[in-house]
1. Somewhere in the stretch 55-62, is a residue within 17 Å of the chain's Cα centre (by Cα) and in a loop (DSSP other than H, G, I, E, B)?
2. Just give me the residues in the stretch 52-63 being within 19 Å of Glu80 (Cβ to Cβ) and among the β-branched types (Val, Ile, Thr), in sequence order.
3. Would you point out the residue of the stretch 13-54, among those that are surrounded by 12 or more Cβ atoms within 10 Å (Cβ to Cβ) and among the basic types (Lys, Arg), that is nearest to the chain's Cα centre (by Cα)?
4. Regarding the stretch 86-98, can at least one residue be identified that is loosely packed, with under 13 Cβ neighbours inside 10 Å and modelled with pLDDT under 80?
Amino acid sequence: MIGFYGKVSILNGKVPTCSSIQQKVDTFLWNRWGVWDGVRNLRHTYATYLVIKGVPINVVKDLVGRTNVSTTIIYLHATEDIKKEAASKMNVALELIEGGKNGASKC
């Protein structure tokens, strides 16, 4: 039986811990869709999107429950990937411009 007492969730008469909730969610995801470690992946996805949207890394650290910025820096890889993609698109645009100057169109 799941119930609520004030602001504390009660599960079978016990107050659940973070790890017990994570284990139950992971077990549910595994049984339902064959996905394991779903809570960790969800946190990783959430943190990655925050970084992509420009949220300061210290704020991301707090929102995902990290105690140290050094463990949060792993999420910065997403911004590097976005920069590489933007640079690639810019190179294509410059090539089109250069091709137009010579009278040859690449369109």
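1. The answer is yes, given that some residue of the stretch 55-62 is within 17 Å of the chain's Cα centre (by Cα) and in a loop (DSSP other than H, G, I, E, B).
2. Across the stretch 52-63, the qualifying residues are Ile52, Val55, Ile57, Val60.
3. By that ranking, first place goes to Arg43.
4. No: the stretch 86-98 contains no residue that is loosely packed, with under 13 Cβ neighbours inside 10 Å and modelled with pLDDT under 80.
The values are calculated or read from the model by the stated rules, or taken from the named source; none is laboratory data. Fair warning: this is a prediction, and the values are worked out from it, not measured in the lab. Here Cβ is always computed from backbone atoms with ideal geometry, including for glycine, and neighbour counts include all displayed protein chains.
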